[in-house]
Every structure is written in C-alpha cells, then in structure tokens.
Amino acid sequence: MTRLRTEWITYMLDGMEEYNRQLRLKTGLDLSGLVRDTFNISEEDYSAMQKDISVAVVPITQGEGIIGNFSQSVAAIAASMGFRADVMEHTDVDGIYDAVRTGHQILFFADDIRYLAVNVKEGTCSDNNYATALGFIRTMKALMERHGKDITGEKLLQIGFGIVGKEAAEILKQMGADFDLYDKDQSAAAAFDGKKLSGQEEIRNYSYILDFTNEGGWLTREDLAGDLLYVSPGVPYSMDEAAAAAFEDRAVHDNLEIGTAIMLGQCLLTQK
C-alpha cells in the first residue's frame, strides 16, 4: 500500500460521522451500507455481527515503523460501522497474541508492504489492494445509480494500472463493464489488453472515471468532463484544488475508509 502520512488520516479520529454523512449524500450508502450491498449481507445478519464480533488493530513496527494515528484511524472506521474496535497496547507479535487472547475475532495490521485483515476464527484474510479496488468500483456503481446510470451500461475510464489498478481491471472485466485505460507510464499499461489512451488530453472525453493513481494535483478542471462522476482512493489526490472544488459533489475520494470497510466486510462473510 502507499505509505500514508499522519496528516492525511488524523481527521478520521473525530470525523467519521461526517464522512459517513457525506458518503450517504453522494451514493445513498454509508460504509456499513456499502459493505452490506457489496457482500449481500442482510440488515438482520449485519446487526447480529455488530453485537458478536470485535475488531483489534495491532500496531506494527517493522520497516519504517508506525504511522502516527494509523491504528487509531482504522479502529475509528470499524467503530463507525458499529463494531467494537480496540487498538492493542503492545505491538507486533505480542500485540497479535494479546488480540487473540482477549477474544477479538478480526485483526487488522500493516507493514510497509501489505495491509491485512485476518479472521482468526475462520483462518481467512483480506488484502487492502483487492478490497480497495472492489470498494471503489462498488462506490462508483452506487454513485452512478444515484445519478440514474448503470455501471455496466456506460463507458468507463480507469486511470492507473499499478497494484490496485490491476485488481480493479480484473473486477471490472468480471462485471462485464466497458472500460478503457489511461496510465502516464505507457510501459506499465502495456500489459492491459483493452483500449489505452495515448495522452492526458483524452481524459476529458469520459464522464465516469475510476482513478487508481498516487500522484497529487495533476488533474485540472480543464482535463475533466463537465458531467463527471469520479471515484479515487489515490493518495495523494489527483485533482488539483480547483478541480476538487468543482466536482466535490460528484466525486468520492478517501485515504483509507472504503478499503478498510471492505476488508472488514470480507472477513465478516464467513460469519453469516
């Protein structure tokens, strides 16, 4: 995963209620609704899971070490979805031991390379790369439905063909979605077997964009169609300040929330 900065995630500690309110306004779904919709979990089953399942976040010191407020932010996301969520006092293996010993069923932890959720009871796990791709595709589906559009009935543009972008492309293909690809790095896009844009100026021809890049401020208002619907987990955000302001009501972007929610949802599946 992209290594986060403390200042990118600190807002989550007190801001999850507002985050969920804004997500509902744009898509009709908060994080819990997105998870239920993605994995076909009934409200009754989900309510039972909220009561029965607890989440532990284990700080990991390996590599470059702990990102400030990362564990607390993950716990805030899970708590906003109605689950008991605790950050373990101890780190690494000792923290995992404490989490299991105290009866937590789902554990979250991340190092410099991978961010995982593990269901210790069922022996299953969820990787953030796949979960982020799936979560933002499902968010685009909900965003488009909010505007009277069907994700499988419109031409989409995917930007970025890195680790998460490759996961997204596979999911879109499995859905039967019609999409083209743009990546500034033509060599990275070479493995994609569909239509590839030759230049940034072509982005404006697309009204529905899923952006999986991690370069900040490179998309301007002039690069984007006026009726744009846009989702992105990119860290930092691709849109510059003017573009972000222009499309605030028609775009969903976050640094951690949707991917984390879908990870939790994947780990809930075996509890049904």
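Would you mind getting the Kirkwood hydrodynamic radius of segment 131-253 from its Cα pairs, rounded to one decimal in Å? Spell out each step's value before the answer.
Details: mean 1/r = 0.0707 Å⁻¹.
Final number for the Kirkwood radius of segment 131-253 is 14.2 Å.
Using the Karplus equation 6.51 cos²θ - 1.76 cosθ + 1.60 (θ = phi - 60°), what ³J(HN,Hα) coupling, rounded to whole Hz, does each residue of segment 197-214 give in order, writing x for Gly and Pro?
Here the 3J(HN,Hα) series is 6, 8, x, 4, 5, 7, 4, 4, 7, 10, 9, 10, 10, 10, 10, 10, 9, 9 Hz.
Would you mind checking which residues have amide H under 5 Å from Leu229's amide H? H placed 1.01 Å from N; only 5 or more apart, or other chain.
Residues meeting the criterion, in which the H sits 1.01 Å from N, are Tyr208, Ile209.
Taking R0 as 45 Å, what's the FRET efficiency between Glu43 and Glu202 from their Cβ-Cβ distance, rounded to 0.05? Intermediate values should be presented prior to the final figure.
Details: r = 43 Å, r/R0 = 0.95.
After rounding to 0.05, the efficiency reads 0.60.
Under 5 Å between amide H atoms, partner at least 5 residues away or on a different chain: which partners does Val57 have, H built in plane at 1.01 Å?
Close amide H contacts, sequence-distant or interchain: Asp86, Val87, Met88, Phe108.
Spelling out what I want: for every residue of segment 104-109, take phi, set θ = phi - 60°, compute 6.51 cos²θ - 1.76 cosθ + 1.60 (Karplus), and round to whole Hz; glycine and proline get x.
6, 7, 10, 10, 10, 7
I need the phi-derived Karplus couplings for segment 49-58: 6.51 cos²θ - 1.76 cosθ + 1.60, θ = phi - 60°, integer Hz, Gly and Pro marked x.
So the J values, rounded to whole Hz, are 5, 4, 6, 9, 10, 10, 10, 10, 10, 10.
Which entry in (i) 62, 39, 27; (ii) 93, 40, 38; (iii) 55, 42, 34 is this structure's computed Cα extents along the principal axes in Å?
(iii)
In the chain, what % of DSSP beta bridges are antiparallel (nearest 5)?
On the way: 9 of 32 bridges.
Here the share of antiparallel DSSP bridges comes out near 30 percent.
What is the packing order of peptides 82-92, 187-197, taking the mean over residues of other C-beta atoms within 10 Å and listing the highest first? Before the final figure, lay out each step's value.
Numbers: 82-92: 17.1, 187-197: 13.0.
The densest-packed peptide leads the list: 82-92, 187-197.
On full extension of the chain, what length is gained from Thr152 through Gln174, given 0.36 nm per residue of separation minus the C-alpha to C-alpha distance? Provide the component values of the computation, followed by the final result.
Values: separation 22, 0.36 × 22 = 7.92 nm, distance 1.08 nm.
Here the segment from Thr152 to Gln174 would lengthen by 6.8 nm.
Under a 5 Å amide H to amide H cut-off, with H placed in plane at 1.01 Å, what residues pair with Cys125 once short-range neighbours are removed?
Excluding prolines and chain starts, which carry no amide H, the hits are Asn119.
For each pair in Lys149/Lys173; Lys51/Lys155; Lys121/Lys173, compute the distance between the two Cα atoms and list the pairs where it is over 30 Å.
Numbers: Lys149/Lys173 18 Å; Lys51/Lys155 41 Å; Lys121/Lys173 32 Å.
As for pairs spanning more than 30 Å Cα to Cα, those are Lys51/Lys155; Lys121/Lys173.
Would you work out the Kirkwood radius for segment 227-272? I mean one over the mean of 1/r across all pairs of different Cα atoms, in Å. Present the calculation step by step, with values, prior to reporting the outcome.
Numbers: mean 1/r = 0.0817 Å⁻¹.
Averaging 1/r across every pair of different Cα atoms and inverting gives 12.2 Å.
FYI, it's all coordinate maths here, none of it is from the lab. Because the structure is a prediction, the values reported are computed rather than measured. FYI the Cβ positions are ideal-geometry reconstructions off the backbone, even for glycines, and counts take in every protein chain you see.
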